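Participant: Just passing along the structure, written as structure tokens.
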């Protein structure tokens, strides 16, 4: 079992190193800002179009859907800021055999591959997501404290499930060579998370909750803020998240056991 | 001088490119699956249109439209911006420059030859959509279909040239991937990929008609699905041609300027 305090220290150190590595390129900051604002504004486009023709969709009003969109943008920011830069790196390290160097270090390799790289440009997507959430909050009647508590409580299991999904994707690259584009496939499916699950047919809802669990972190908190589901949503999300974390950890350990390094 | 050389080199170019493309065929399957957003959008707009037609589009029209975007997206897919910027940065462009055929022709051949595999992966998905809603299949008429073919060709060329232009920028800047991501996020809205332009608010449709995004997707899709009046079709095909011309100039100029810089690195 990992020592929690040490784990957190290692993660903090990794993030610090990753951030200072990324911040070397200061000249890119302005370009990043311009592109980030462009990306974040374009992301609102499809929803604006949708509500230009309809007052509400499947019982969800524009501010309701904006809640979902806001959580989706925040998820995208976290994925592109913390997760995706690392995925590309690990896949390359496995292919080239450079993973050997990480395995030699006295820290759990899963931590090392998960938090080595940071993409600060994602801050703009994060700000975009927060702006959308703020607009939704301003348009909607205030939800109760209980609802807010459940919504916030849904974020950790949602993030844990999405991180585990990403780790599972990495594990496949131990067995197949070029799967770095798997992240784009995941990204394409995750795109479905920008709308509330009710707009999709039932089989897609199941997939987006339990297989590609993007609904946990986009629709679930939005539903909680609408006063639906309450604690049962949280229990369901926790159950799915725990399942994902256990499965991904097991897959990671098995993949590592199957890893044939560049030298062997 | 150059054209006859290209013709003579073509058989070998095709053989090599076909081998390159099929070497990574499993990867290509994954790439096709990244372009499944039309299915998600179809599910969404199918629900929206369940309460009655949206801007004149009913559920069958939505299925026809997004079936069209699914198809045209694959027919115009390429990845030259990533290949080019990676090879410029890593120096892998050098061996390509030694070949007697222009690197852009090499990329183009490769991307065209990936098409049969892409279509092979796509056809069961398309078939599924058709089986789900058979009424989406409507013959647009021989003239419209001929224009559709021309329009898809132009859209392919546009996508290739835009991606090539962004890729060529790697001679100067490091952030070409971020640049293309930003382009893509705007493209997603204004190309008609996320929603048919018929349901746009008026100001967005007015702007979108003249932006280059529509020419890469919505124009051929609307020609195929019969959503384009003859006058609009003429305007849109003209715009496609104009954008292709402009981009050909831009790519030619940027390539010459950039290549001069590349040599200066001593790479």
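The values are calculated or read from the model by the stated rules, or taken from the named source; none is laboratory data. All values reported here derive from a predicted model rather than from experimental measurement. Here the Cβ is made from the backbone with ideal geometry for all residues, glycine too, and neighbour counts use every protein chain on show.
Participant: Only helices (runs of 4 or more DSSP H) wholly contained in segment B:93-196 count here; list those with 1 or more residues that are free of Cβ contacts under 8 Å to residues at least 40 places away in the same chain and closer than 28 Å to residue B:15 by Cβ. Working first, answer last.
Facilitator: Details: elements: B:93-98, B:103-113, B:115-132, B:142-168, B:176-190.
Filter on segment B:93-196 gives B:93-98, B:103-113, B:115-132, B:142-168.
Participant: Hey, among B:238, B:245, B:252, B:231, which residue is in a helix (DSSP H, G or I), on the phi < 0 side of the Ramachandran plot, modelled with pLDDT under 90 and out of contact with any helix residue (DSSP H, G or I) (no Cβ under 9 Å at 6 or more places or on another chain)?
Facilitator: Values: B:238 fails: modelled with pLDDT under 90; B:245 fails: modelled with pLDDT under 90; B:252 fails: modelled with pLDDT under 90.
Being in a helix (DSSP H, G or I), on the phi < 0 side of the Ramachandran plot, modelled with pLDDT under 90 and out of contact with any helix residue (DSSP H, G or I) (no Cβ under 9 Å at 6 or more places or on another chain) holds for just one of B:238, B:245, B:252, B:231, which is B:231.
Participant: Oh, and also: State whether the residues of segment A:19-26 include one that is surrounded by 13 or more Cβ atoms within 10 Å (Cβ to Cβ) and over 23 Å from residue A:183 (Cβ atoms).
Facilitator: no
Participant: So which residues in segment B:181-191 are within 10 Å of chain A (Cβ to nearest Cβ) and either buried (at least 23 other Cβ atoms within 10 Å of the Cβ) or in contact with a helix residue (DSSP H, G or I) (Cβ under 6 Å, 6 or more places away or on another chain) (or both)?
Facilitator: To start, the set of residues in segment B:181-191 that are within 10 Å of chain A (Cβ to nearest Cβ) comprises B:181-190.
Correct list: B:182, B:185, B:186, B:187, B:189, B:190.
Participant: For segment A:8-26, indicate whether the set of residues that are outside any helix (DSSP H, G or I) and either within 11 Å of chain B (Cβ to nearest Cβ) or touching a residue at least 40 places away in the same chain (Cβ under 8 Å) (or both) is non-empty. Don't jump to the end; show me each part of the working.
Facilitator: If we filter segment A:8-26 for residues that are outside any helix (DSSP H, G or I), which is where we start, we get A:23-26.
Subset that is either within 11 Å of chain B (Cβ to nearest Cβ) or touching a residue at least 40 places away in the same chain (Cβ under 8 Å) (or both): A:23, A:25.
Looking for residues that are outside any helix (DSSP H, G or I) and either within 11 Å of chain B (Cβ to nearest Cβ) or touching a residue at least 40 places away in the same chain (Cβ under 8 Å) (or both), one finds at least one in segment A:8-26, hence yes.
Participant: Related question: Does segment B:200-214 include one or more residues that are within 11 Å of chain A (Cβ to nearest Cβ), under 30 Å from residue B:54 (Cα atoms), buried (at least 23 other Cβ atoms within 10 Å of the Cβ) and in contact with a strand residue (DSSP E or B) (Cβ under 7 Å, 6 or more places away or on another chain)?
Facilitator: no
Participant: A further question follows. Write out, first by first residue and then by second, each pair whose Cβ atoms fall under 7 Å of each other, whose residues are 6+ apart or on separate chains, and whose first residue, in segment A:138-158, is within 17 Å of residue A:230 (Cβ to Cβ) while the second is part of a loop (DSSP other than H, G, I, E, B) and at pLDDT below 90.
Facilitator: A:143/A:227; A:147/A:227; A:150/A:230
Participant: Which one of these is under 20 Å from residue B:222 (Cβ atoms), within 12 Å of chain A (Cβ to nearest Cβ) and in contact with a helix residue (DSSP H, G or I) (Cβ under 7 Å, 6 or more places away or on another chain): B:41, B:59? Please lay out each step first, then the result.
Facilitator: Details: B:59 fails: within 12 Å of chain A (Cβ to nearest Cβ).
Checking each option against the conditions leaves just B:41.
Residue-by-condition table, conditions (1) surrounded by 14 or more Cβ atoms within 10 Å (Cβ to Cβ); (2) more than 14 Å from chain B (Cβ to nearest Cβ); (3) assigned to a helix (DSSP H, G or I):
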site: A:112; (1), (2), (3): yes, yes, yes
site: A:118; (1), (2), (3): yes, yes, no
site: A:124; (1), (2), (3): yes, no, yes
site: A:142; (1), (2), (3): no, yes, no
site: A:157; (1), (2), (3): yes, yes, yes
site: A:162; (1), (2), (3): yes, yes, yes
site: A:168; (1), (2), (3): yes, yes, yes
site: A:174; (1), (2), (3): yes, yes, no
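Participant: Can you find even one residue in segment A:41-61 that is in contact (Cβ under 8 Å) with a residue 40 or more places away in the chain, closer than 26 Å to residue B:172 by Cα, touching a helix residue (DSSP H, G or I) at 6+ places or on another chain (Cβ under 8 Å) and buried (at least 16 other Cβ atoms within 10 Å of the Cβ)?
Facilitator: No, segment A:41-61 has no match at all.
Participant: Taking the options A:3, A:108, A:32, name whichever one is in contact with a helix residue (DSSP H, G or I) (Cβ under 8 Å, 6 or more places away or on another chain) and surrounded by fewer than 17 Cβ atoms within 10 Å (Cβ to Cβ). I'd like the intermediate steps shown before the answer.
Facilitator: On the way: A:3 fails: in contact with a helix residue (DSSP H, G or I) (Cβ under 8 Å, 6 or more places away or on another chain); A:32 fails: surrounded by fewer than 17 Cβ atoms within 10 Å (Cβ to Cβ).
Checking each option against the conditions leaves just A:108.
Participant: Still on this structure, I have one more. Do you know which residues across segment B:55-78 are at pLDDT below 90 and crowded, with 17+ Cβ neighbours inside 10 Å?
Facilitator: First, pick out the residues of segment B:55-78 that are at pLDDT below 90: B:55-56, B:77-78.
Those that are at pLDDT below 90 and crowded, with 17+ Cβ neighbours inside 10 Å: B:77, B:78.
Participant: Next up: Hey, any hits in segment A:194-208 for a residue that's within 18 Å of the chain's Cα centre (by Cα), more than 18 Å from residue A:165 (Cβ to Cβ) and in a loop (DSSP other than H, G, I, E, B)?
Facilitator: yes
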